[in-house]
Amino acid sequence: MVVPVSEVVPETPTTVTLTFPYPPAAEPGQFVMVWLPGQDELPMSLSRTDGPVKGVTIKAMGETTRSALSLSPGTRIGIRGPYGRPFDLSPRRVLVVGGGSGTAVLAPAVEAARRRGNAVTVALGATRAEELLFLHRLSSVEGAAVHVATDDGSAGERGFVTVLADRLLEEGSFDALWTCGPERMMEKLRLSARTRAVPFFASVERQMKCSLGLCDACAFGPFHVCTDGPVFSEQQLAEVPDFGRFKRDASGSRVPP
């Protein structure tokens, strides 16, 4: 479906949110394929899932994603989806750990969990204060406890968000840990959650082309990210030796995560 961009909202110096009218129902954790004018089609997790207006939050990392920063309202983009397995919102006590732009997919999950009356604790991390994504949005979710860590100490605690998350796991009692961010971060969290017998779920990013499980571009151990994920359990991730160690580039070659 080709739709006009409703708003272009700067979130951090390197990240923008595009909102657009898109009636199909979506759940937190799902993604859409986004075509930007003159660029490639890319998979984007939905950072806004409720109602007839949806949103994606894009971090400038390459030519295609950088072009998103210069879009203006009214620009027409292509959207198809949503696709993939969402977060299970049934756990009553959830620790949510977001690293950098990975927080985009977690924000609607936090909001949906609180609407269900679930207890939600958020550990939000970034390299520096300016790159904290959705801090105000998450802090505005009634009843959600938000903790912050930055690598340089410019906001919240100084250090990696994994250290903050470890402390929260030690101090609290949780029925699930949801996360998205750099894979090495998520692998550390997976091991921490397993040690404490906390069910773990991670939203994983991979190259995607068809989004239907046919092209094999997003092969992930015995899974396809587009159809078996993007949200995977700890048990599934334990079957993927590459998780936290390697990704695949567009040519299929292994590259660091």
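Could you check the simple spin-label distance between ARG158 and ARG254, using points 7 Å along Cα→Cβ, in nm with one decimal?
In this crude spin-label approximation the distance works out to 3.7 nm.
Please report, to one decimal in angstroms, the Kirkwood hydrodynamic radius of region 133-257 built from all distinct Cα-Cα pairs.
Here the Kirkwood hydrodynamic radius works out to 16.0 Å.
For TRP35, put the label point 7 Å out on the Cα→Cβ axis and report which residues of region 2-22 keep their amide N under 20 Å from it.
Residues passing the 20 Å test: 2-6, 18-22.
I want to check the label-to-label distance for SER67 and SER90. Put each point 7 Å from Cα in the C-beta direction and report it in nm to one decimal.
4.3 nm
Excluding residues on the same chain fewer than 8 positions from LYS188, give the lysines whose Cα lies under 21 Å from its Cα.
Cα-Cα hits under 21 Å: LYS247.
Check cross-link reach from LYS59 to the aspartates and glutamates: straight Cα distance under 12 Å, and skip same-chain residues fewer than eight apart.
Within the straight-line limit of under 12 Å, LYS59 reaches these aspartates and glutamates: GLU11, GLU131.
Rounding to the nearest 20 debye, state how big the charge dipole of the chain is about its Cα centre with +1 on each Lys and Arg Cβ and -1 on each Asp and Glu Cβ.
Using Cβ point charges on Lys, Arg, Asp and Glu, the chain gives about 220 debye.
With no other cysteine's Cβ closer than 4.7 Å, which Cys residues of the chain count as lacking a disulfide-compatible partner?
Result for the chain is CYS180, CYS218, CYS226, no neighbouring Cys Cβ within the cutoff.
Any chance you could run the full-extension gain for ARG196 through GLU239? It's 0.36 nm times the residue separation minus the Cα-Cα distance, nm to one decimal. Kindly include the intermediate steps, with their values, before the conclusion.
Details: separation 43, 0.36 × 43 = 15.48 nm, distance 1.95 nm.
Result: 13.5 nm gained on full extension.
Full-extension gain between GLU142 and ARG184, please, as 0.36 nm times their residue separation minus the C-alpha to C-alpha distance.
That works out to 12.0 nm of additional length.
What label, among [x] 40; [y] 46; [z] 56, belongs to percent of Cα pairs over 25 Å apart computed from the structure on display?
Matching entry in [x] 40; [y] 46; [z] 56: [x].
Is the C-alpha gyration tensor of region 80-120 telling us rounded, prolate or oblate? Criteria: a/c under 1.5 is rounded; beyond that, a/b larger than b/c is prolate, otherwise oblate.
oblate
For n ≥ 4 DSSP H runs only, could you compute -39500 (n - 2.57) per run for the chain, divide by its residues and tell me the 222 nm figure to the nearest 500? Mind showing how you got there, number by number?
On the way: 7 runs with 56 residues, N = 257.
Helices in the chain give a 222 nm mean residue ellipticity of -6000 deg cm²/dmol.
Values in this text are rule-based calculations from the coordinates and carry no lab data. It should be emphasised that the depicted structure is a prediction, and the values quoted were computed from it without experimental measurement. So basically every Cβ, Gly included, is an ideal-geometry build from the backbone, and we count neighbours across all protein chains shown.
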